[in-house]
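Asks: Mind looking over this structure? Questions follow.
Values in this text are rule-based calculations from the coordinates and carry no lab data. These numbers were taken from a predicted model, which means no experiment stands behind them. Glycine gets a Cβ as well: all are built from the backbone with ideal geometry, and neighbour counts include every protein chain shown.
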Amino acid sequence: MTVLVDSAGRERIDSDLDKHLFVKAGAGSGKTHHLVRRILALVASGVPLRSIAAVTFTEKAAGELRERVRNELGTQSVSLGDEQRKQALDELDSAPIGTIHSFATRILEDNPIEAGLPPAIEVMDELRSQIAFGGRWRRVRAALFSDDESSLALEVLLAAGMTLGTLEEVTKELDSSWDRLSLVVGPLAAVPSLDLASLLRQAIELFDRKSECHNPEDKLLPRFDRLHDWISLVREAIGTEDLGQSFELLANVPGKGTGGQAGNWTDAKSVKLDFEELVSEAKRLAAHLIQPAISRVLSVIGEILLDEATARQRSGQLEFHDLLVLSRNLLVGSANAEVHARLHARYQRILLDEFQDTDPLQAELAIRIAAPVTADLNVWRQLEVPPGRVFMVGDPKQSIYRFRRADIATYLELLELSLDADAHASVSMITNFRSTEPVLNWINTVFGTLIVEDSHRQPAYESLTHNPDRPEWDEAAGGPAVLLLGATDDERAGLADASTAERREREALDVASVIVEAMGQALGPAWLNEHPKTFARTPMELKDICILLPSRASLPALENALEAMNIDFIAEASSLVYSTQEIHDLLLTLQALANTADEAALALALRTPLFACGDDDLLQWSVDGGRWNVYAPIPLELGAHPVSVAMAYLRDLHHAAVTSSPADLLDRLVTDRFVREVALDSPRYRDVWRRIRFVIDQARAWSEATFGSLRDYLDWTESQSSDGARVKESIVPDSGLNAVRITTIHGAKGRQFPMVILSGMSSSWRMASSRVFWDIDSSPLVSFKASSTGSEGVSSVGYSDASLSEKSFLTAERLRLLYVACTRAESHLVVSAYPPKKGQSWTTLMVDGLKQADSVALELDRTATLPPLHSAVAIGALPAFPDWQRERAQWSEQSAVRASISVTAQAKGGQAGDAAPLLTFIDEAIDGSIEPLHFERTEEGGTEFGTAVHRVLELSDLDPSAPIEQIAVNVAAAAGLGNPGLLFSLAHNALASHPVSRASARDHWLELPVTAFDGSLVLEGIADLVYREDDGSLVIVDFKTDVEIREQSLKKYWRQLTAYAELIATASGEKVSRLELVFCRESPARVISRSSDE
């Protein structure tokens, strides 16, 4: 094996256990492998596994780390003594390997009294925390409106441009950092009254200077006309004391505008200066009210949020942020020296994975535990950590979770502190085992240009190097490694006048065309996928491809393009779940049930596909005297009317609502109204199913958390769908689905794909800044403006500068986000370079880097056109009624034709009108005459009993040592049968029969589904038992529990088994040598056989 360029650094990670190490692990560099090796080396050095805290970013990563440690401990390659290995395995399951929140939970559970907690704590999940915040928000609102002074402060802010929505957003952000609110709570500021009189006098004095103009054509004079009108409005506002009108006037003071030539005025410069001073005075007056109002509102909010946090602490019902704050507080100050000493002794080593995504509070917790002494609240950075106690590994170029409090500045600051403690502390892992060399070369060129070191905002770029053992990539055989879309003049032809929607459609069509090329469905062969470890090359499949989107704006056009080109895909991104049509229809029906007086909700619910009542049905119902209430009497002439049937169903459902949870009602609606079945008509039916399951699961979790009513639930769902609120769906991977994946870049973090397509790059990106920043003294700087910008207005002094600084951090993070996207690719990377119509886009962020990189432009088939996203339906002339009746009769006749038939039904000769012919090889004649077979009559019989016998045999797996008697008892109870002893007897004797005994000792298959399609009809069934004989042929066994078998019944059974034989032989290509019927009885089972020679 070739020596890696960073092998020295990797060796230090594995063996320098008592040194300061700060590891910068590049994408795909195998950091988890070395993290495992370091853990095992620590164990070998004498550190118990229970004393090593390994903190990961996700539970999934923690589970993988734990399993890899377990696997290594199970091999002999690790230099551990037998006793060490055994002890480590014993401690592994309880070892502190997990997320920072699970680590904090462990600390609090071990020290509940010191933390001010009850003995048992409960960690609330995201949904319950969201619901709990709703209660805190209602308390904040009530407090602000109920107090006169606070209400005045609220009135001032609302008049200045705040909305209740922005107030809630600020409250939510403050709640997520409640530990920093102690400086906010204090004496409540008084809000002064607004005095416009002085401003009015200043304006009048300025207006009097109009006479100083000597030229009526001067362009400054019209400003005096506007000033005159403004003065009139101010006089009216002083009389009304309307704060809204007053703030509007303060925001619209006439400025100096243009004009005011020196020769036209006595002192033009002085006049302009007076206009500027009038505007400045108006801003000062507004701020004179706004700043005290902000201070008072923040004080009220802070006091409530701190009180709620204390209540959670007393109750032990904690949110994720509470865990970090309370565990950190256990380590602050000399008063907690004893707790700190215990934790310092217990956790001898702390390993922090994905450290680039940590926030200051998480880093502080680790440093405080590792340091030998305590420190006060804000001086933890000065603590000296003994070498080797803390090991940090991460890639600063992959820090992309700023919205989750991840702070790149904290990472870079701690890197500097580590280098101050040890100049050789920094170690880099730059060998990438994931991607091919041309992919890495392109990434290095592009992002080496884009990611430039910038103080604490952006790290320096370190180039990745490829695995030297990896074979050279052959683009002629395997396809292009890197491909740009929309980068050439030909590709951009015609885009100059294209709208944003047209650009997205063009980009989406190119993406779909590339997938067609990669799959070998165009002119050339399929592209190849090279396995990162074995280097085996296989043709590309749809499941190997992942499309990454920086935002959802381009998703509709992309889905349209993929559907138009018959490319299966699954969207893993978060979506507007509660705003989708199928969920809206379900919730609308619940609304009609929650308030039976809501006639509009009832009528709209009836129009949904759940009840399929057309406008003509609703009109007829209304004309014939029907009322819009589920309990209204139904007109006699409308007894079977669609609306009547729907009303009856809703009435029954309303009765059930009294004792049913919202989840139960949703589940019943989905089942009774065939919502899942109807969704099959859509190409996106899997997404519909997933959303339905997700909403029902959330409804069940909501009920468990709140025990609220149906109306309460509907209020909550309204908040989920308001203002386009996005709800994150948990996507369960469908391993059996060969489809392209679509996800966000954040959703792809920690994953890798043979082919990555970075699409949606022409979309613009919003610089959405936070509403709350914190100054150096931990005081909040907030903005209540309707649009969160850095402009002056309803915001704290200093917010504007903080917002501008934050934008520079966000711009740097967006470059890192694109880097993360590109480094997900193993063999192929496709990047869209389509430009935006105007303004900034993701492409413009990359343009400087793209100019430096060599790339391939592929000639794509662009002759295909996409159907419009919202196609207009052309309605032609209505056919004549007799023609329509004939066509309807034809459709009814075709609909009555069966799509499938079971082997059992076919063997019995089918039903009248069945068009399925018997299989031609079936010989219905039986040699000689067969006397009727008479068996003793059993106490139980029928289909249910026969099914139960089959179930017992299936659960036994033909194992004679299986607990057949207990299985029979369980099956009898589940089937409602009263004699489990009889069930046991029949199953036991069947297992003792000759064919079943032979099957149990050979390869066999129980309850084997078989099917075939002859072009018009599906023949399907389930063979009871199939096993392989010693000569390699197959034997089919069928169990029967009939009381009496006559010749006609036996003929049907042989036809059935012969049909199974043909289906299995056709599907497997193997010979079926024998058919056997086993008649189960209390006495030994009777077996009748037929060989292939008969």
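Asks: Put a dot 7 Å past each Cα toward the Cβ at GLU704 and ALA501; how far apart are the dots in nm?
Replies: Each label point lies 7 Å from its Cα, and together they span 4.4 nm.
Asks: Moving to a separate point now. List the residues, sorted by chain then number, that are 5 or more residues from LEU610 or on another chain and whose placed amide H is less than 5 Å from its amide H.
Replies: The answer is none.
Asks: A further question follows. Just to be sure I understand the model, the point goes 7 Å from the Cα along the line to the Cβ. What's the resulting ALA600 to ASP652 distance in nm?
Replies: 3.1
Asks: Let me ask another. Below 11 angstrom from the Cβ of LEU991, what's the summed charge of the other residues (Lys, Arg +1; Asp, Glu -1)?
Replies: Local charge sum for LEU991: -2.
Asks: From the C-alpha coordinates alone, can you work out the Kirkwood hydrodynamic radius of region 319-373, in Å?
Replies: On the way: mean 1/r = 0.0852 Å⁻¹.
After inverting the mean inverse Cα-Cα distance, the result is 11.7 Å.
Asks: Using only the Cα atoms of region 125-315, each taken as one equal point scatterer with no solvent, compute I(q) by the Debye sum, divide by I(0), and report log10 of the ratio at q = 0.10, 0.11, 0.16 Å⁻¹.
Replies: The Cα Debye sum returns log10 ratios of -0.56, -0.63, -0.94.
Asks: Where both partners of a DSSP beta bridge lie in the chain, what percent of those bridges are antiparallel, to the nearest 5?
Replies: Close to 35 percent.
Asks: Once the Cα atoms of helix 500-518 and of the chain are each reduced to a long axis, what angle between those two axes, in degrees from 0 to 90 to the nearest 10, is obtained?
Replies: 40
Asks: Then there's this: Would you mind computing, in nm to one decimal, how far apart the modelled labels at SER146 and ARG457 are, each placed 7 Å from Cα along Cα→Cβ?
Replies: Here the answer is 4.6 nm between the modelled labels.
Asks: Equivalent ellipsoid semi-axes for the chain, as square roots of 5 times the alpha carbon gyration tensor eigenvalues: give them largest first, rounded to whole Å.
Replies: 63, 43, 34
Asks: Can you order the peptides 157-168, 682-693, 581-592 by their average number of other Cβ atoms within 10 Å per residue, highest first? Mind showing how you got there, number by number?
Replies: On the way: 157-168: 19.1, 682-693: 17.2, 581-592: 20.6.
Highest mean packing first, the order is 581-592, 157-168, 682-693.
Asks: What Kirkwood hydrodynamic radius, in Å, does region 986-1054 give when the mean of 1/r is taken over all pairs of distinct Cα atoms and then inverted?
Replies: For region 986-1054, inverting the mean 1/r across all distinct Cα pairs yields 14.0 Å.
Asks: Here's another thing I want to ask about it. Toward the positive end of the charge dipole of region 996-1094, about the Cα centre and with charges on Cβ (Lys, Arg +1; Asp, Glu -1), which of VAL1026, SER1049, LEU1008 goes farthest?
Replies: After comparing all options, I get SER1049.
Asks: Compute the FRET efficiency between ASP615 and ASP715 as 1/(1 + (r/R0)^6), taking r as their Cβ-Cβ distance and R0 = 30 Å, and round to the nearest 0.05. Let's see the in-between values first.
Replies: Values: r = 30 Å, r/R0 = 1.00.
My answer for the efficiency is 0.50.
Asks: If you don't mind, there's one more thing I want to ask. I need to check one value: relative contact order of the chain, counting alpha carbon pairs closer than 8 Å and at least 6 residues apart, in percent.
Replies: 12
Asks: If one takes the longest principal axis of the Cα atoms in the chain, at what angle in degrees, from 0 to 90 and to the nearest 10, does the Cα axis of helix 82-92 lie?
Replies: For helix 82-92, the angle is close to 70 degrees.
Asks: So what is the 222 nm mean residue ellipticity for the chain from helices alone, if each DSSP H run of at least 4 adds -39500 (n - 2.57) and you divide by all residues, rounding to the nearest 500 deg cm²/dmol?
Replies: The per-residue figure over the chain is -15000 deg cm²/dmol.
Asks: Would you please name the trypsin sites (Lys or Arg not before Pro) within region 999-1049 that are DSSP coil residues with at most 14 other C-beta atoms within 10 Å of their C-beta? Intermediate values should be presented prior to the final figure.
Replies: Numbers: sites: ARG1002, ARG1028, LYS1040, ARG1046; in loops: ARG1002, ARG1046.
In loop regions of region 999-1049 (DSSP not H, G, I, E or B), the sparsely surrounded trypsin sites (Lys or Arg not before Pro) are ARG1002, ARG1046.
Asks: I would also like to ask the following. Just round it to a whole percent: the fraction of Cα-Cα distances in region 577-724 exceeding 22 Å. Don't jump to the answer; show the numbers that get you there.
Replies: On the way: 4334 of 10878 pairs.
Above the 22 Å cut-off, region 577-724 has 40 percent of its Cα pairs.
Asks: Starting from a Cα-only point model with no solvent, please compute log10 I(q)/I(0) by Debye for region 366-415 at q = 0.16, 0.25, 0.33 1/Å.
Replies: At q = 0.16, 0.25, 0.33 Å⁻¹ the computed log10 ratios are -0.56, -1.04, -1.25.
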